[in-house]
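Scroll down for the structure; my scribbles are underneath it.
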Amino acid sequence: MKIGIVGLPNVGKSTLFNSITNAGAECANYPFCTIEPNVGVVPVPDERLDVLGKMYDAEKITHAIIEFVDIAGLVKGASKGEGLGNKFLSHIRETDSIVEVVRCFDDSNIVHVDGSVDPIRDIETINLELVLADLETVNKRIDRASKLAKGDKKYLVEEDVFKKIRTALEDGKPARIVELTDDEKEIVKDAFLLTMKPILYVANMSESDIGKENEYVKKVREYAKNENAEVISLCVKIEEELSSLEGEEKQEMLEAMGLDESGLDKVIKASYDLLGLMSFLTAGKKEVRAWTIKKGTKAPGAAGKIHTDFERGFIKAEIVSYDDLIREGSYQKAKEAGLVRLEGKEYVMKNGDIVEFKFNV
């Protein structure tokens, strides 16, 4: 799954990417420093794996992973090809969701592309370009459906769905706020609309604002509420420092700043959740591992994540929840307490299920 990190030039986007991935994306104080997107694959933080690793004395611990793409800074007119507009839009089209970095701090030493700090204006600049690009796509689909409907009435449904989305776009609203049935979602899926992608706003604050929220961040939260989007506030500069530390050193710095976890961990977890993903776990002496599935996946589909044979020959799944296992202290004790269940093909997997699949091919 790919998450695109976007934002206006010089808002801390590439620094955030560097901090998340330690991939060393170039970062400088001038627009269009990022031209080709940098890509980094990162583990999804999951404290449960470390606990299970100790319980099973596992030789190996494997986290679920997520891919972040650092996309070129966008400017007004991108939908018409201004700046690196066409590249920006094509790169974002290839991602599954968007993390939009917004500048929420004053600093006369860091150039703002529009000359002043105004997070809502910045958000609206980017969102408007995405809306305009989608409007072009939607109009083409309406014209096409209208012509095809003359020979096949089923295209009338497609035309109506895209008209519904066009109404929202013309009001400057993203396609994701339009209420669609599952069938309608299927119709619009192959249009790859930019504003249909789920979005997470990252409010980049100054070091002095850590632990509290300034007026800029409050405005971003208010804005995001209208489109049911989440906001995570952090200081990208501090996160960059934290990302270079490990173990006790990192923990000491977090405690000194009054934080329970890094902002980056929150961003990664929220991004995972944004995509409607969750993890089921497998545990043993050889390996403790998190496997990524969509929420709502049934047991055979989860089994297929490990190996296609597991899904093809699925018989049942032996499951204990992580919380039950930890409370009892061992798999054997959980079994004696009747907390290990046998589930069949219709079982919908839950986050934190620890599973052993039974199969026969």
Of everything in region 193-208 that's farther than 25 Å from Ile165 by Cβ and buried (at least 18 other Cβ atoms within 10 Å of the Cβ), which residue is farthest from the chain's Cα centre (by Cα)?
Met205
List, please: which pairs have Cβ atoms under 8 Å, are six or more places apart or on different chains, and start with a residue in region 179-193 that is assigned to a helix (DSSP H, G or I) and end with one that is among the hydroxyl-bearing types (Ser, Thr, Tyr) and open to solvent by 100 Å² or more (accessible area, probe 1.4 Å)?
none
Which of (1) open to solvent by 90 Å² or more (accessible area, probe 1.4 Å); (2) modelled with pLDDT under 90 does Glu179 not meet, given it meets every other one?
(2)
Report, ordered by the first and then the second residue, all pairs with beta carbons closer than 6 Å, sequence separation of six or more or different chains, a first member in region 3-14 that is in contact (Cβ under 8 Å) with a residue 24 or more places away in the chain and open to solvent by 10 Å² or more (accessible area, probe 1.4 Å), and a second member that is of a type outside the set (S, T, N, Q) and in a helix (DSSP H, G or I).
Gly12/Val236
I'd like to check something: does region 183-192 contain any residue that is surrounded by 12 or more Cβ atoms within 10 Å (Cβ to Cβ), at pLDDT below 95 and in contact with a strand residue (DSSP E or B) (Cβ under 8 Å, 6 or more places away or on another chain)?
no
Could you give me the residue pairs with C-beta distances under 9 Å whose first residue belongs to region 272-287 and is at positive phi and open to solvent by less than 30 Å² (accessible area, probe 1.4 Å), whose second residue is basic (Lys, Arg) and assigned to a loop (DSSP other than H, G, I, E, B) wherever it lies, and which are 6+ apart or on separate chains?
Gly276/Lys295
Only one residue in Asn127, Asn139 is assigned to a helix (DSSP H, G or I) and modelled with pLDDT of 95 or more. Which one?
Asn139
Here is a check on your reading of the model: is Ile293 open to solvent by less than 40 Å² (accessible area, probe 1.4 Å) and under 27 Å from His91 (Cβ atoms)?
yes
Quick one: would you say Asp265 is open to solvent by less than 80 Å² (accessible area, probe 1.4 Å) and not aliphatic (A, V, I, L, M)?
yes
Residue check for Val267: modelled with pLDDT of 95 or more, touching a strand residue (DSSP E or B) at 6+ places or on another chain (Cβ under 9 Å) and of a type in the set (Val, Ile, Thr):
no
Among the candidates Gly247, Gly296, Gly301, Gly258, residue that is modelled with pLDDT under 90 and more than 17 Å from Met205 (Cβ to Cβ):
Gly247
Cβ-Cβ below 9 Å, separation at least six or inter-chain, first residue in region 214-229 and part of a helix (DSSP H, G or I), second open to solvent by less than 50 Å² (accessible area, probe 1.4 Å) and of a type in the set (Asp, Glu): which pairs?
Tyr216/Asp209; Val217/Asp209
Ser116 under 28 Å from Ala224 (Cβ atoms), more than 27 Å from the chain's Cα centre (by Cα) and open to solvent by 70 Å² or more (accessible area, probe 1.4 Å)
no
Would you check if Arg341 is open to solvent by 60 Å² or more (accessible area, probe 1.4 Å), more than 20 Å from the chain's Cα centre (by Cα) and under 23 Å from Lys54 (Cβ atoms)?
no
Restricting region 230-254 to residues that are small (Gly, Ala, Ser) and under 14 Å from Lys266 (Cα atoms), the residue that is farthest from the chain's Cα centre (by Cα):
Ser243
Quick one: would you say Ile354 is aliphatic (A, V, I, L, M), more than 25 Å from Met55 (Cα to Cα) and at pLDDT 95 or above?
no
Restricting to region 323-335, name every residue that is open to solvent by less than 30 Å² (accessible area, probe 1.4 Å) and in contact (Cβ under 8 Å) with a residue 24 or more places away in the chain.
Leu325
Quick one: in region 226-243, of everything that is among the charged types (D, E, K, R) and modelled with pLDDT under 90, which residue is least open to solvent (accessible area, probe 1.4 Å)?
Glu239
Residues being closer than 17 Å to Val178 by Cβ and open to solvent by less than 50 Å² (accessible area, probe 1.4 Å) - total across region 129-167:
15
Of the residues Ile315, Ile306, only one is open to solvent by less than 90 Å² (accessible area, probe 1.4 Å) and either within 28 Å of the chain's Cα centre (by Cα) or of a type in the set (Val, Ile, Thr) (or both); which?
Ile306
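The values are calculated or read from the model by the stated rules, or taken from the named source; none is laboratory data. Only a predicted model underlies this, so the values are computations on that prediction, with no experimental measurement involved. Positions of Cβ are generated from backbone atoms using ideal geometry, with glycine treated the same way; all protein chains shown enter the neighbour counts. We work out accessible area using only protein heavy atoms, side chains counted, and drop any ligands, DNA or RNA first. Shrake-Rupley method; radii C 1.70, N 1.55, O 1.52, S 1.80 Å.
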